Amino acid sequence: MTSTAPKADFPDALSRARTHSPFLSGALDRLPALEELLAAGRIEDALGAAHRAGQGEDDVGIALRRERLALALAVAIGDLAGVLPLSRVVGELTAFADRALDLAIDDGIRQRAPDDEPTGFSAIALGKQGAGELNYSSDLDPILLFDPERLPRRDRDEPGEAAQRVARAVVRTLSSHTAEGYVFRVDLRLRPASEVSPLALPFEAAITHYESSALAWERAAFIRARAAAGDIEAGQAFLDTIRPFVWRRSLDFGAIAEIGRLTTRIRDHYSGGQAVGPGYDLKRGRGGIREVEFFAQTHQLIHGGRDPSLRQRGTRAALDALAAAGLIGAEDARVMGESYDRLRTVEHRLQMVSDQQTHSLPTDAEALDSVAQLDGLANGAALVEELADISEAVGSRFDALIETYAPEGAVPVSAKPLTQELADLGFDDPEALTARIDGWIGGQYRALRSSEARDAFRRMRPQLLEALANAPDPERALLRWEQLLAGLPSAINVFRLLEARPGLLAIVMRVLAHAPTLADELARRADLIDILIDRSAFDLPGSVNEIAAELARGEKDDDYQRTLDNVRQQVGEMRFALGVQLVEGRDPLEIAAALSRVAEAAIRVLGEAAIREFAQAHGSVPGNRLMILGLGRLGGAALTHASDLDLIFLFSGEFAAESDGRRPLGATLYFNRLSQRVIAALSVPTAAGALYEVDARLRPSGAQGPIAVSLDSFERYQREEAWTWEHMALTRARVLFGTDGDRAELEAIIARVLDSPRDADKLRTDVLAMRDEMARHKPPKGPLDVKLARGGLVDLEFLVHFLQLRERTAFHPQLGEAVSALVAADLLPASLRDAHDLLTRLLVIVRLFAPDGAYPPEASREIVAQVCGCEDWNSLLASVEGARGEVAAAWAATFGTQLEDQP
């Protein structure tokens, strides 16, 4: 089980490196001075030079990349020459990883707090880095933790925000590919609830997780945990705190049963074992690296709580300790240990070829021969023959482990291996996907913790895999499915439902593939799947009155919190259903109008609830009433899934009046506090989640003014103090809340303000100046940001509002209707209504499919084009360009000036 590579033969090692490793050959070309040291056999000098390769470079990332390349070359040649044993190879790689991680943390903290000592942020190394056994081309799998009280930060930064900045900086410093290469790939997915949790967690939050809800696989991961970088002392204190979680003194029969299931599942997708040959996976295959590691860790988990001598991080050390304790035979420890060393060595040879984290033998005969010859063997056949012996030696011992701990009543292994099943469905990389699915049922997700849930999953797995394979973007759907799994507290009912309704599963996959906003919501609330069972979920909601009645159903006047939760839950369901309808092809203009009706109904129900709740302490103001005015897209009845609610709060009656409750307030203070209560009712997250973002900055005097003003004050401000842009905003104003009489009075005020005569030249100057200012400070986010792009919806709005105010006509809050009225008055070309409708449709669907304004994934573009009324994607882009051109032409005709950046 040892390589036949010649010992201490540096010329031969260099020759093999140049012949069989493109990566090492390139490194030799880039580092001729290091090659000279290696050719002379001066390995220690070469390692020293490698560690100094980044000296003199101030940029931490560049310095580490240079050191990493030099170290990779020196270690590889020393390994190939036979002078660096495996323990030294992995030790050098691990020491560098620790140092790189530490420097990246230090640099990440000092970027925001350069004068402070970098404390309070720790990296817990797991996996092979934690064990001191890092691969030649390996990921780092740290868990990043911080102390909110000790982490240096700027005064305006929240501790959590500061920690996430550091975490992102660490990943960027180590993982970004530059002209100098990269340092390490960093994988943070082993942290608690990685799908939903921030990149760095507070120490206390992590402790709570591991003490209360962690799974068996997490116990196994922490066998090799080590405080590796950053605040080592704080990291070690954390590990000391959770030690009872990892090492349990009493035998945990539930954990033993789970270990049995883990040992069974590790083989589940190989259907009798994977034959050694081309393509053999040294890590996951039968008799491979993982089986040696799991063989040791299983015994450690069961017995390490009572015997501290077994708490070894390294695999070889653990095997020796188990043999010394009489828990495994000395021969088993020797065979498994030597096999492990040889498997790891061959794994390194695979990774040396192109600096890729690969574990599988090449399937191409010539490439397999090349790997074998890099190792010093004659050919690939000799390597396969050696690995076959190792696989049998390890596999037979792992078989005995499975037989010992396999749970009773385990689900039989499918006749067809999972890898083959995925290949038959056409997945690009069935082996990688097999590993991911194995992780699902291996305890990665709480929803699959119970045997019942795993059984339910296995029964619906064929339908799931088929739906994923048929999804327009399988990888995207797969990622979102994993997020859904992460958010499920229990999955049995969901799996059974999807098994029974394949059509529903297909809809869910389309949602996951196309609409990240909906997928995120589904991950937070898996019960949203239930609403899709009823076909009425695919009907548009009724009138505002009907929706409000639905929201208020079952409401208790004296249970304000329950009302908040109930409205959030129902509005979330309605918005989700409307999003699904959009995915299924519903006209975005209908969706935008429906979203607006839902929001108006929510304002009505929560406004009334807030008034009742507020009155319990403060009573009411006789003769005075609250009114709410909607502006922007809400006023224009054209919301998207990402829209804020632009609101102005007003009150009727005398401002000098006083409320009649047990804690009376003057009218102005009363309605300002009541308005704040309504804003909180609409925006503050509760146990049922968030609802809307509310923007009240369009009120008189903006953010400097009171939240609510009287009608008299509102009219006086609009007539005497308001800026032109405030009157432009009023053109889309719509009264959403108030009595019929108050609504009529407010509408009359708005009509009088808008109908006021204006100086056309000043109006033109103001409008153009405001648009130029907006263009400078709010550029479009991406190529499909048809709101902010020149010739887009904002330009159309400015054009329409200018003509409305100049001509004192066509005052309709819905922009499309206002365009039509101006067309009828021969003030705009007829083509602008179609341009408005196309751009609005695109805005609505892009907010759901590509929230950043970028082009959606290829697979989603057909849907986007079709719901916008175009035959295909290219036709859509051409139509959008034409619509923007129509807006630009109308702008030039109206203002006598050209729009920049416009086709």
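The values are calculated or read from the model by the stated rules, or taken from the named source; none is laboratory data. Since the structure is predicted, the reported quantities are computational estimates derived from the model, not experimental observations. Cβ coordinates were reconstructed from backbone atoms using ideal geometry, including for glycine residues, and neighbour counts include every protein chain displayed. All accessible areas refer to the heavy atoms of the entire protein, side chains included, with ligands and DNA or RNA removed. Shrake-Rupley method; radii C 1.70, N 1.55, O 1.52, S 1.80 Å.
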For a label point 7 Å along the Cα-to-beta-carbon line of E747, residues of segment 579-604 with backbone N under 12 Å = none
Please arrange W440, W247 by accessible surface area, largest first, computed with a 1.4 Å probe and ligands excluded.
-> W247, W440
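Determine the gain in length on full extension of the stretch R248-S875; use 0.36 nm per residue of separation and subtract their C-alpha separation, reporting nm with one decimal. Please report the intermediate quantities before stating the final value.
Numbers: separation 627, 0.36 × 627 = 225.72 nm, distance 6.42 nm.
Roughly 219.3 nm would be gained on extension.
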Under a plain spin-label model, where a point goes 7 Å from the Cα along Cα-to-Cβ, how far apart in nm are N470 and A205?
-> 4.0
Among L578, I529, S396 the positive-end extreme of the charge dipole of the chain (Cβ point charges) = I529
Accessible area of the chain divided out per residue, in Å², using a probe of 1.4 angstrom = 40
Expressed in square angstrom to the nearest 10, the accessible area of Y692 with a 1.4 Å probe stands at 10
Once both label points are put 7 Å beyond Cα along the C-beta direction, the S451-D755 separation in nm becomes 7.9
Given labels modelled 7 Å from the Cα in the Cβ direction, how far is it in nm from R776 to E858?
-> 4.2
Counting Lys and Arg as +1 and Asp and Glu as -1, each charge on the Cβ, what is the dipole of the chain about the Cα centre in debye, to the nearest 20?
-> 1180
Go ahead and run the numbers for FRET between Q111 and R553, Cβ-Cβ distance against an R0 of 56 Å, rounding to 0.05.
-> 0.60
Carbon plus sulfur, as percent of the 1.4 Å-probe accessible area of the chain, comes to 49
Euclidean distance between Cα centres, segment 157-178 to segment 745-789, Å | 39
Hand me the trypsin sites (Lys or Arg not before Pro) from segment 542-639 located in a DSSP loop with no more than 14 other Cβ atoms within 10 Å, in residue order please.
-> R553, K556
Let me know the shape class of segment 665-814, please: from the alpha-carbon gyration tensor, a ≥ b ≥ c as square roots of the eigenvalues, rounded when a/c is under 1.5, otherwise prolate if a/b is greater than b/c, or oblate.
-> oblate
In the full protein assembly as shown, how much of D79 is accessible to a 1.4 Å probe, in Å² to the nearest 10?
-> 20
Stretch L327-S396 to full length: gain in nm at 0.36 nm per residue minus the Cα-Cα span?
-> 23.1 nm
Find, among the trypsin sites (Lys or Arg not before Pro) in segment 666-711, those assigned to loop by DSSP (not H, G, I, E, B) with at most 15 other beta-carbon atoms within 10 angstrom.
-> R697
Probe 1.4 Å - accessible area at S194, Å² to nearest ten = 20
Would you compute, from DSSP H runs of 4+ residues alone, the mean residue ellipticity of the chain at 222 nm, taking -39500 (n - 2.57) per run and dividing by the full residue count, rounded to the nearest 500?
-> -19000 deg cm²/dmol
What is segment 565-723 by shape, rounded, prolate or oblate, if you read a ≥ b ≥ c off the alpha carbon gyration tensor as root eigenvalues and call it rounded for a/c under 1.5, prolate for a/b larger than b/c, and oblate otherwise?
-> oblate
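Can you tell me the relative contact order of the chain? Whole percent, Cα pairs under 8 Å, sequence separation 6 or more.
Relative contact order here is 8 percent.
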Sequence ranges 146-152, 334-340, ranked by mean other-Cβ count within 10 angstrom, highest first = 334-340, 146-152
